[in-house]
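Here is the structure we will look at, set down as structure tokens.
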Amino acid sequence: MNIINKHILGKLIHKNRGNAKLLKAVIQLVGDIENSSWKTPHELTENRPDADCVYGGEFYFFNINIHRTLVLIEFEENGEATIVWAGSHDDYELVFKNSRSVIKKWLRNNNWIKKIGVMKDLMNIKEVENINRLENEFDLQKASLLERNLHLMIDESPDLKPIRKKLRELIREYEAIEWADFENISDSKIEESDTAEIIINYEQKFINKRKESIRKKLKGFDMTQQDLGVLLGHPKSYMSELINGVSQFTMKDLVIIHRILGISLKILIPTYLQSDTRERVRESIRKLNKPKLGLRKAELV
């Protein structure tokens, strides 16, 4: 069974450096998953009696020494596994309250299970076919987020399966190079990963807030997303890409939305910088050598 998002376990081990029992338990779990051919939940629990199904027949908590990890197990076809969360037992109690309803809410809030009526929007994932490899932790976080969203969309759009498979391959290949050695993960790698995660979360929060603001206004005017597309001059499929933040609204689009729907430009226009732009600006600031010149933390995330 293939497994991705090992970096989550790698970060847990780095946080608990010197804990040989945890390291051994993580290596054992990864080995059990990768060497398995589980076709049913029964086969899984026969091999791993500690596996505790907490939602939908596919989300399981496993014990890793005195720590815990949440894993998505997909039994169909060749089987796939995805690390969702990992932490100490205290972390588990704090985050999930040992409650299945809290776990379900957390999964929904973090886009691991469907939000009713939301996931019908298709995302622009055509460019995935042209990606040969992930270059850095920012790419890894982006790929993991898109793979997660595709998992929610497969039932309604089975034709997306090859794209999701390609993403999982890209993630596995990157982690096999950058996250394979759990014992020797550098501080700089952890810092890069943490920063990438902050950036992705920041972007997602902005996109989700903008999406909900637009939808709320459209509902108030008895309009559909397609109606807005007519006003902006965009086809229905492209509107889904724009609303979900996969493709970028033009400034003209956002001004029209502001004028017609009355949404504040602060909600419509992102002030964060994409990864490549951020690095270019940083380098330009260094070259100019202007001590008073800089960007606020929120803009650099």
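The values are calculated or read from the model by the stated rules, or taken from the named source; none is laboratory data. Since the model is a prediction, treat every value here as computed from it, not as a measurement. Note: ideal-geometry Cβ built from the backbone for every residue, glycine included; neighbour counts use all protein chains shown.
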* Write out, first by first residue and then by second, each pair whose Cβ atoms fall under 6 Å of each other, whose residues are 6+ apart or on separate chains, and whose first residue, in the stretch 66-84, is of a type in the set (F, W, Y) while the second is at pLDDT 95 or above. => none
* What residue, of E197, E192, is surrounded by 14 or more Cβ atoms within 10 Å (Cβ to Cβ), touching a residue at least 24 places away in the same chain (Cβ under 8 Å) and over 24 Å from L150 (Cα atoms)? -> E192
* Please state which one of D222, D159 is surrounded by fewer than 19 Cβ atoms within 10 Å (Cβ to Cβ), more than 17 Å from the chain's Cα centre (by Cα) and assigned by TED's automatic domain parsing to the domain that holds W112. => D159
* Any residue in the stretch 273-295 that is closer than 17 Å to S213 by Cα, surrounded by 12 or more Cβ atoms within 10 Å (Cβ to Cβ) and modelled with pLDDT of 75 or more? -> no
* Working carefully through the options L70, L23, find the one that is crowded, with 21+ Cβ neighbours inside 10 Å, within 26 Å of the chain's Cα centre (by Cα) and at pLDDT 95 or above. => L70
